[in-house]
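K.L.:
The following block contains the structure, expressed as structure tokens.
Please treat every number below as a calculation from the coordinates, not as lab data. Everything numeric in this text was worked out from a predicted model, so none of it was measured. Cβ atoms come from the backbone with ideal geometry, glycine included; neighbour counts cover every protein chain shown.
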Amino acid sequence: MKRVLFLNILVFVTILVSCKKNETTATPNDELNGRWSLVEISKGFGGSESFVVNDIIWEFNSNNTIEVTLNVNPNLEIPLDATGSYDYSVNGNYITISNSNTFEYELLSNGTILRLSDNGAADGDIITLQKM
């Protein structure tokens, strides 16, 4: 009886351990992928400017590029200030665009607001984008 119980436990443990859990891990870019509309840029003491949805579109692609479309000419200097394609990389909660502009990013409102901060607490840029 002990032998049968031991064999049953051994078979159960073997099955339990050998089952591979199918885990899909999201890459950091997954949460950024899609179309975002730049709705505000704050330059600290340099002022701020608001935009209407679709004025300036940043489309993050899975191949680590951002397609930027400017449908207006902003009054303030903004990063990615020309329509075109830009490379980006993500490291933790930092995003580097075209190997020069590095921003800390956070997703707010259940992932519908993307805020990029270039040392915003110390008079840096704060860029707010809305998911489209």
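K.L.:
Identify, by number, the condition in (1) in contact with a helix residue (DSSP H, G or I) (Cβ under 8 Å, 6 or more places away or on another chain); (2) within 17 Å of ASP125 (Cα to Cα) that ASP81 doesn't meet.
P.N.:
Every condition holds for ASP81 apart from (1).
K.L.:
Another question about this same structure. So which pairs qualify, if the first residue must be in region 48-72 and within 10 Å of LEU38 (Cβ to Cβ), the second must be of a type in the set (Lys, Arg), the Cβ gap must be under 7 Å, and the two must be at least 6 apart or on different chains?
P.N.:
Here the result reads ILE57/ARG35, each pair linking region 48-72 to a residue that is of a type in the set (Lys, Arg).
K.L.:
Among the residues of region 54-77, which ones are loosely packed, with under 13 Cβ neighbours inside 10 Å and of a type in the set (A, V, I, L, M, F, W, C)?
P.N.:
VAL72
K.L.:
Right, another one. Quick check on region 78-90: of everything there that is in contact (Cβ under 8 Å) with a residue 24 or more places away in the chain and not hydrophobic (A, V, I, L, M, F, W, C), which residue is surrounded by the fewest Cβ atoms within 10 Å (Cβ to Cβ)?
P.N.:
Narrowing region 78-90 to residues in contact (Cβ under 8 Å) with a residue 24 or more places away in the chain: 78-79, 88-90.
Those still in the list that are not hydrophobic (A, V, I, L, M, F, W, C) too: 79, 88-89.
Details: PRO79: 18, TYR88: 20, SER89: 14.
Per the stated criteria, the residue is SER89.
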